[in-house]
Each structure stands twice: as C-alpha cells, then as structure tokens.
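Reading through the structure tokens given below for one structure.
The values are calculated or read from the model by the stated rules, or taken from the named source; none is laboratory data. This structure is a prediction, so every number in the text was calculated from the model and none was measured. Here Cβ is always computed from backbone atoms with ideal geometry, including for glycine, and neighbour counts include all displayed protein chains. Please note that ligands, DNA and RNA were not included when accessible areas were found on the heavy atoms of the full protein model with its side chains. Shrake-Rupley method; radii C 1.70, N 1.55, O 1.52, S 1.80 Å.
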Amino acid sequence: MPRAIDRRSFSHALVGLSAIALARLETHAFAADDAKTALNRFPRIMQEFLVENVRRANAASVLAKEQLKDKADAERYVLEVKEKIANCFGPQPEKTALNPRITGVVERDVYRIEKVIFDSRPNFPVTANLYLPKRAGQVPAVVGTCGHSANGKAAEAYQSFAQGLARQGYACLIYDPIGQGERLQYPVDSAKSKYGAGVREHIQAGNQQFLVGEFLGMWRAWDGIRALDYLLSRPEIDPRHVGVTGNSGGGTMTTWLCGVESRWTMAAPACFVTTFLHNAENELPADTEQCPPHCLSLGLEHEDFLAALAPKPIVILAKERDFFDVRGSEEAYRRLKHLYTLLGHPENISLHVGPTDHGYSIENREAMYRWFNRVTGVSEATTEPELTIEKDETLWCTQSGQVAELRPSTVFSFTRASAELLRQQRGRISATELPRKVQSVLNISGKLPVEPPDFRILREIGSRGYPMSRATTYAVETEPGIFAISYLLAEQPHQGRPPRAGRQATLYVSHRSADAELRSENWLREQIASNSSQACFTCDVRGIGESLPNTCGHESFDNPYGCDYFYAVHGLMLGRSYLGQKTWDVLRVLQWMQSYGYDQVDLIGNGWGATSAALAAVLSDSLLGNTLRSVTLHEPLESFHSLAINEDYQLPLAYLPFDVLRHFDLPDCYAALSEKQFKVLG
C-alpha cells in the first residue's frame, strides 16, 4: 500500500525503490505493442517549434554582423564574440604539468613520427603522433584534430594530411580524441568500447557532464590547447606559424579552437562549418561536444567561432554533397568576408567547396596545403605528395593500443568527483529558497501568463480500454505552437470544454504516453478507481505521447542520438532546459484546470513524468497558489546525483538539467513536498 512520506523518512523510502525506478527509467520501459498502437496526432510540433526558435536566434546573429559599418565596429564585434564563447564554454581549467613522454619513433625517408603521450589534465593522458620533417632549423607546425574515426589518428584520411604536411616541411601533431583511437573511456575486452567509439562515448560522457555544469566541447578543445602547448615547447617549431586543421568532428574542434585559443596563426576547418539553423531545419543531430550550452541564446553561429580569430588566415573547407549543408558554409563565408573586409584583410578568408561527399578527401586536403603554403611560404606544392599509410599498430603510443593500461582518470571519474564535491558544497536547501533555484536551473519564468492557456477540443477517439469508458481530448497550448495533450476521463461522452463539476480533480503526468499507460498500468487504474468521485485529467508534456516526434530520419526516439536528444540538446543551446519546458507544460495544464474551478488537485507523476510533476509541484504554490492537495510519484528518479556517479546511467538528456547539482537535487524537492501528502509508489 502507498504511504505518506514525512521529512524524516522520504530519503529512506526513495533509496529503497531507486533500483526499481532506475531500472525502468534507464531502459526507457515502453512495451512494443503500446508504442505501435499509441495515439500520435502531433508528431511535428517539436520540430517546427525548434526551427522557429533557432530561426530567431540566427536572424539576431546575422543582423548583428550586417550592422557592422567600419573597422572599429568589427574589432568590437570580435571582442564580443570572444566573451560570448568564453561564457558558453565555461572557464578553462588550470594548466597543469604536461608530463610529455616519447614512447617510440618511426623513421621514414624525409620525416619521422614520434609517439607522444602528454597529460592535458592530471592523469588524463592524450596519445599523439608528431610528424617531424628531417630538415635543419625551425619549421611551421599544425595541430591535427580527428573526426569520428574509431581508430582516431590512425585513420587513413588523418594520417594522410599529417604525412602530407610533413612531406612539405611542416611539423604536424595529430592526437586521439576522447573516446577514439587509444583513448576509449569505456573500454572492455579486446579494446572495444561498451558503448561504441566516437559519437556514443561522447554522448554518454558528455550528457552526464551537464549535470555538474561541464561541457565536453571544452574538454575536447582543452586537449587541442595543450597539444599546442606541447608543440610550442619543442625547439624545432617556428612559433610564428602554428595552424590547426581537422575534418568533421575534427572540423568542429578546429572551429571551437579558433574561438577559445588566440595563438593560432592560421586555420582550416573541414566538413563542419555551416549554420546551427541549417542543422536544425535539416533534422541533423550533432553529438554533445558540437552543441555549446547557451550558444544560440547568446547569438552565436558557427562563423562566430572563426570570427574570434579574425583577421588571421582561415579557409573553410566544405563539400557539395555533405550532410553539413554547404548553403550554410556559403552564408558563413559571406558574413566572414564582410567582417574581414572591415578589418582590412579580405584576402585572409576563403571558402573551398569540394565536389564529393563528407570526408577529408584529397581535393580538400590539397586546398588546405595551398592555403597554409600561401601563409607560410614553406612550400610551393599544390598537390599532395605520394603517401604511405601506416598500420594502426605502427602508430600506437601504448603497448596495447589503449591508455587503459596506464590506469588513467576518465571523463566519468572527473564527473563523479565533481558531483561529490558539489554535494558537499551545496548542503541542505531550504524549502523557501528551493523554488528560486528550480526556476533558475530550468529557465522557468517567475510568473505564469495572466490568461490561462487556449485549447483545442479534438475529435472523440472512442473507447480505448481506459479505466473509464470515454475520454475527451484537449490540446492545451502551453506556449505558442506547443500543445500538452490532456484526456478527461468519463463514463459518458463529453464533447466540450471541461465541466465545472467541482473543485477536486486528479492530474496524471505520464511517463511515455498517457494513452498507452491508461490501457496497461494496473497501479494507475487503482489510483483512478480510488479517486473515482473526482474528475480525472491526464497530461502528456511536449515531446512524448501524442507529440512523440517522427523526425531525425532513421534515428528513433529511444536512440541516444535520436530525436529526443535532438530537441533536448537544442533546448540547452537556446538556454531553455527541455526538462524546464516539460515542467512548464505541467504548470500550464494546472493553470488551465484551475480556470475551470479545479483548485484542489491530486497530482500523480509516473517515471519520467514524476520528475516534471515533482518540479512543477515545488513551483506550484508560488505560481498557482495552494492548488495541489497531494503529490504521488510512481517510480521516480532517486536523484540527479545518482546519475552523475553511475558510469552506466542511461537516462535521456531531456532529464539531465545543466548545472543542476550546483544548486539543488531531487531529494530537496521531495523533502519540500512532504507537506502535500507526498507519496511514493513502487
């Protein structure tokens, strides 16, 4: 039987059911037959809402550059974007000892390859190959950043540009990204990743970092900054000429590195630079490090990260058939050309569009060589020299091909340590200060609109096997273009606005689909039966149930790289927490119910919906008055802290609010709700 939970016992009760709750939450439990038969009448609302918001952000960014009239304006703009980039990437860590070591040397005809390991952070090794020409005197240098190749720096395209540069007289330090090559963060036997090298590891580690206010893009860029530090420590390197290049995910890093590091003298990002707007319109997910928190709300577009390096020489390398839309590459180039012209160096920005599809293919590599040669004068070559591709093992810096043999720290271990420290620093949050903290973290307004939300009354769906024989469907417009779907259960047909039949009502906030759960969850039927004397409403917040998206191509809702992730990470870039948006939906549905006289509401939240319901309940008194009579949570998440210290967590990004653990945790919410007949079911 469910029981009330007071301040002394709520923590014990939650710990007791956390294994059950996490098992359900982390596996996204949802029966296949329910998924197939659940109602889904609003599959595009999240996509159109997103595009409209990103379009506004893009328009503001474009206008800011169009209004630049002279050199002073342009110089001021460069300083402003640097400040904005620092804001969304967060503070750079302290530079600690690199501890560089050379574990082997491969001798070739006109260059050698040194196998280098350095620590970008304490006990956080970076494996790299330094291609060094065999010539007297100092040479220009390039840091090479890799795209999403399982074998990292050993991938053929990345070996090719490093070797091509070395044969023309450049030093090139190319390093393995986090989660690729020799740097798997989740290794299992045979040097395989339990999640998959590249994107999957980045999402697993990066999403979790958001809980403690970290951004994987800064971690990735920091490796590049420390790679530059190492290069400049070498006497063979000419510090007057240090460039950076990379493709795809390496193109991302090249772009970000232009924004966060000013020592580069030239850059060539490949197969990345377009616009956030094109990516949003084209339903193109990008992994965690490619989505800087708050960047869109700060008015940043891809080209602004390159603008931070202006007027130093940069060539944008794009592809005609790339999934990174070349139209956006052309737009970025035109806006940068305007900026560079005002700065007096229009010749220092260029665009090359290769004819093929995504990849650092030879035509783009040769465009990079020509650009760097124009800047440095080190070579007159315009084509790529003849290359010899090495075996992966030849380039390994470790004996086994994985830094795991060195017993290093991992991204997760840093996240866990940060979570523990934040818990100590946070202490107990009082019930009076908690609502303000929740509003701040979730980016929720301190006031609801004066008018309750408008709504639609949808065509009757007939009998669906719910606990009551009939249901009226309402599409409650919680903000322009967004609908929370609410069913009013009844024994008789009712095709009209909610009846003013009394003050008491139940509001059920679903886990995945109220329609499916009303048909399959016995515990829910029992709850509804126990409150049969009062009206019963349900609520599917945005992005689930009837608004489950059908977007992002073949990537399903439950895929870690699918549509749910897509809208959550864009919410982060827009400065609008996706969990905050869902919590807002619950509050607005409560306001809508209140407008029809239901001001004594028993709130029930299930699974993911339990989190939205709990957060809405914390805010309800200040925003809605004393509307909630009781709060019941079925299999709720124990805490955000429990996710931050669990390497194998699997909760979607939608429920991982940015920097939450610096401010509060769910047990603070549960303690505050103990005064509202708070119950936990499991």
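A few comments on the model shown:
- Solvent-accessible heavy-atom area per residue, rounded to whole Å², over the chain at 1.4 Å: 36
- Among the DSSP helices (H) of the chain, those spanning at least 20 angstrom by Cα along their long axis with an average Kyte-Doolittle hydropathy of 1.0 or more are 10-26, 608-624; this is a geometric and hydropathy rule only.
- With 0.36 nm allotted per residue and the present C-alpha distance subtracted, the residue 341-residue 374 stretch has 10.0 nm of extension available.
- Within the chain, helix-based [θ] at 222 nm, where runs of 4 or more DSSP H residues each add -39,500 (n - 2.57), nearest 500: -12000 deg cm²/dmol
- Cα gyration tensor, the chain - rounded (a/c under 1.5), prolate or oblate: prolate
- Computed magnitude of the charge dipole of segment 416-570 (debye, nearest 20; Cβ of K, R +1, Cβ of D, E -1): 560
- Annotation: amide H of residue 681 within the under-5 Å range of 633, 634, 635, sequence separation 5 or more or interchain, hydrogens built in the peptide plane.
- Across segment 471-583, Cα-Cα pairs farther apart than 20 Å form 49% of the total.
- For segment 464-524, diffusion coefficient by Stokes-Einstein and Kirkwood Rh (Cα), 25 °C, 0.890 mPa s, µm²/s: 190
- Sorted largest first, the principal axis extents computed over the alpha-carbon atoms of segment 95-136 equal 36, 18, 10 Å.
- Between segment 214-244 and segment 165-186, the Cα center-to-center distance that results, in Å: 12
- Rounded to whole numbers, the Karplus 3J(HN,Hα) couplings from phi for segment 289-298 are 6, 8, 10, x, x, 6, 4, 6, 5, 8 Hz, using 6.51 cos²θ - 1.76 cosθ + 1.60 with θ = phi - 60°, and x at Gly and Pro.
- Computed from the Cβ-Cβ distance with R0 of 60 Å, the FRET efficiency linking residue 69 to residue 421 stands at 0.80.
- Sites residue 501 and residue 55 - FRET efficiency at Förster radius 30 Å, r taken between beta-carbons, to 0.05: 0.10
- Residue-normalised convex hull volume from the C-alpha trace of segment 411-520: 205 Å³ per residue.
- Cα shape, segment 304-373, gyration tensor, a/c 1.5 rule: oblate
- Mean separation of Cα pairs under 8 Å and 6 or more residues apart, divided by the residue count, gives segment 49-127 a relative contact order of 18 percent.
- Contact order for segment 467-616, expressed relative to its length and based on alpha carbon pairs under 8 Å spaced 6+ residues apart, stands at 30 percent.
- At the listed q of 0.08, 0.13, 0.19, 0.21 Å⁻¹, the Debye profile of segment 533-682, built from one uniform point per Cα, gives log10 I(q)/I(0) equal to -0.23, -0.61, -1.25, -1.45.
- Three-way shape call for segment 320-439 based on the alpha-carbon gyration tensor, with the a/c threshold at 1.5: oblate
- DSSP bridge analysis restricted to the chain gives an antiparallel fraction near 45%, rounded to the nearest 5.
- Amide hydrogen neighbours beyond the local backbone of residue 597, cut-off 5 Å, H modeled: none
- Potential extension, residue 389-residue 282 segment - 0.36 nm per residue separation minus Cα distance: 35.0 nm
- Residue 110 paired with residue 400, simple spin-label distance in nm, labels 7 Å along Cα-to-beta-carbon: 3.9
- Between the amide H of residue 535 and those of 506, distances stay under 5 Å, these residues lying 5 or more places away or on another chain, with hydrogens modeled in the peptide plane.
- With the cut-off at under 14 Å, measuring from each backbone N in segment 71-89 to a point 7 Å along the Cα-to-Cβ line of residue 662 picks out 86-89.
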